[in-house]
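See structure below.
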Amino acid sequence: MLLPPTYGSHVTDSTEFTVLSVEIWDTGLVVNIQMASEGGPQPNIILQDHFGTQYRLKNSAILGSRNLQVFTPSVPPGTRSLTVRSADDTDRPVVTFAVPLMAVKDEPDVAAARRFPPEPELRRPA
């Protein structure tokens, strides 16, 4: 999910950053952050969804003034929204956005396997 530049900005006395994008993968989430300056401290962020899923920081990389943070697990099926918060100001969300529909992997359908191209199966959030 690519965010407009005016969304995702967070400025406090202790930190300043902008969330540029959040990638949703089967294996986890990647948050792409623009820090205020190169060599600045890594933002300490918290991810939440409307189910209350506990997302854990698995890995992080700093590339100049960019910071990539990888969280696990991935969003559960039916997730409607995801909120990014800064640990220095947990009462105020940095950004909240809708999670797009995800393709559903079901048991293979023999008749569908013969069709080309395959038809995607989409599931609406609960």
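The values are calculated or read from the model by the stated rules, or taken from the named source; none is laboratory data. Source: prediction; values computed, not measured. Because the Cβ atoms are built from the backbone with ideal geometry, glycine has one as well, and the counts that use them run over all protein chains shown.
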Checklist outcome for this item: The number of residues in segment 68-80 that are modelled with pLDDT under 95, buried (at least 16 other Cβ atoms within 10 Å of the Cβ) and out of contact with any His (no Cβ under 9 Å at 6 or more places or on another chain) is 2
Checklist outcome for this item: Within segment 22-66, restricting to residues that are within 22 Å of Thr12 (Cα to Cα) and of a type in the set (D, E, K, R), the one that is surrounded by the most Cβ atoms within 10 Å (Cβ to Cβ) is Arg66
Next on the checklist: Residues that are within 12 Å of the chain's Cα centre (by Cα) and in contact (Cβ under 8 Å) with a residue 40 or more places away in the chain: list the strands (runs of 3 or more DSSP E) wholly contained in segment 1-63 that include at least 3 such residues.
Outcome noted: 16-24, 29-35, 45-49
